[in-house]
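Worksheet: the structure to be examined is printed underneath.
The values are calculated or read from the model by the stated rules, or taken from the named source; none is laboratory data. This is a predicted model, so every value here is computed, not measured. FYI the Cβ positions are ideal-geometry reconstructions off the backbone, even for glycines, and counts take in every protein chain you see. These accessible areas exclude ligands, DNA and RNA; they are computed on the full protein's heavy atoms, side chains included. Shrake-Rupley method; radii C 1.70, N 1.55, O 1.52, S 1.80 Å.
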Amino acid sequence: MKPQHPSVRRISECFLKPDIECLPQESKQPHYLSHWDLNLLPIQYIQKGLLFRKPSEAFEDGHPFMATLLHRLKRSLSSALFHFYPLSGRLASIINEHQASILVYVDCVNTPGAKFTHAALDLTISHLLAPVDVPLVVHSLFDPDLQTAVNYDGHTLPLLSIQVTELLDGIFIGSSFNHSIGDGTSHWNFFKMWSEIFQSLPPDGDDIVSISRPPILKRWFPEGHGPIINLPFTHSDQFKIRLKAPELRERIFHFTKESIAALKAKANAECGTEEISSFQAMCALVWRSITRARRLPQNQITICRMIANNRAKLEVPTPEDYFGNVITALKVSAKAGEVVEGGLGWAAWKLHEAVVDNTKEKFREAVEKWFECPFTFQVDQNFVTYSLSMTSSPRFNIYGNEFGMGKAVAVRSGRANKFDGKVSSYPGYEGGGSVDLEIALFPHSMANLEADSEFMSAVSSPPHLFHE
């Protein structure tokens, strides 16, 4: 029987947005989306959050810790939205039934802003981190209205929703971020600048604080296309698909830098090369192990997808600060028998070839192909069956975000975009090249994975302990 946890109590909510009079003139015009952004309209929100320990002063009688924290979080978030103003907007559409087209853009003027919620939960940090599986109560640490929402719902729902949940001994800051506005790089760049503003915000005075890495908000369009891009639909039901969330188990598996180095060395030795990266070797292990855990027939085709950040292929200055979506799913397919019997090096080399093949020329060809026949991405049953999707990145500076409570003790995600075979990678708490993998699988497959000797010999317990 699953443990029964207390429910989250939502104490207050408000909407925040920058002063429209202070914003640049372009913010008052439609903010057009790129084809990558539009492609993700049927996908669910990005939901990531950080767990912090309450500082000692929070437990002192009469100390206004929570009130002070909430005030500074709201002030700094408002300032961050000045720089990232599309996040305070709403989606808007113009439908042309005669031409069978729909134009979707961001309206940054006629909007209540980003949502900010204060909540409480009578649990400790250990209640969240001690169980073997990530407890379902973690999902309630994010805006409940966005748990199953798709990005297109941003017409009526906020494009950014922050929920600050007070635990008995900790604080969780959960972010629900519309994926059509930006990818994981965009999300964590925004989060980092919010953290930077929080730490530099003066006690009084102007809330608009300069930041070290302003986002590049102007969308990139290939020559001859954009900024207005019409999708070949007349109604959202033609591309919106809502999948029923399956019953899954979620676990965090920790890989030390030494374990990953050993995987890399083994994969390269088996292939007689030095070109396979640490991440490719780790992904190969996960692909092989999950394929075994699913007990697939040898001839069953299985797919491994890795998300590639293509910012380096853009002709814009400081591409890492580009705010939007510039991601590609690199897909590798093989028969289950080949994946299992081929060895770690065989699988890693297949993944390596997919990365090498992701050239600037192929990138541009894919863009032109989309404009020849526009479409939106569909996560249907065919996408998730027998597949593995490696998302997020251990390169994100997740633990560099601080809000007056020191370094976060853990990162967790919400219910959105969870399916069998979804793997999210994060930097390990101790840094130095360690990695945490959040894996979601059907219960029987997770049990088989836990009994897989090759996989479990590569993982270990995380080095930090939570405190009661």
Ranked order, ASP206, ASP37 - accessible area, probe 1.4 Å, largest first: ASP206, ASP37
Which entries in the list LYS218/LYS313; LYS54/LYS257; LYS48/LYS240; LYS74/LYS218; LYS17/LYS115; LYS360/LYS422 go over 19 Å, if you measure between the two C-alpha atoms of each? LYS54/LYS257; LYS48/LYS240; LYS74/LYS218; LYS360/LYS422
What are the ³J(HN,Hα) values, in whole Hz, obtained from phi via the Karplus relation 6.51 cos²θ - 1.76 cosθ + 1.60 with θ = phi - 60°, for each residue of the range 220-229 in sequence order, with x given for Gly and Pro? 8, 10, x, 4, x, 10, x, x, 8, 10
Sorted peptide list for 71-80, 145-154, 215-224, criterion being average Cβ within 10 angstrom, highest first: 145-154, 71-80, 215-224
Using amide H atoms built 1.01 Å from N in the peptide plane, name the residues 5+ places from ILE216, or on other chains, whose amide H lies under 5 Å from its own. TYR322, PHE323
Looking at [x] 23.1; [y] 20.3; [z] 38.8, which value of mean projected area of the Cα convex hull in nm² comes from a calculation on the structure shown? [x]
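Considering only DSSP beta bridges whose two residues both sit in the range 261-395, what percent are antiparallel, to the nearest 5? Let's see the in-between values first.
Details: 9 of 13 bridges.
Bridges in the range 261-395 that DSSP calls antiparallel: roughly 70 percent.
Multiply the residue gap between GLU247 and MET456 by 0.36 nm, knock off their C-alpha separation, and tell me the result in nm, one decimal place. Display every interim value, and only then the final one.
Numbers: separation 209, 0.36 × 209 = 75.24 nm, distance 2.31 nm.
Stretched fully, the GLU247-MET456 segment lengthens by 72.9 nm.
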Among the helices of the chain (complete DSSP H runs), which have Cα atoms covering no less than 30 Å along the helix axis and a Kyte-Doolittle mean of at least -1.0? none
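Give me the percent of accessible area attributable to carbon and sulfur for the range 260-334, probe 1.4 angstrom. Before the final figure, lay out each step's value.
Values: 1640 of 3130 Å².
Whole-percent figure for carbon plus sulfur exposure: 53.
Do you know the relative contact order of the chain, to the nearest whole percent, from alpha carbon pairs under 8 angstrom that are 6+ apart? It would help to have the intermediate numbers written out before the result.
Working: 924 pairs, mean separation 105.7, N = 468.
Taking the mean separation of contacting Cα pairs over the length of the chain, I get 23 percent.
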What is the Cα centroid distance between the range 423-454 and the range 189-203, reported in whole angstrom? 31
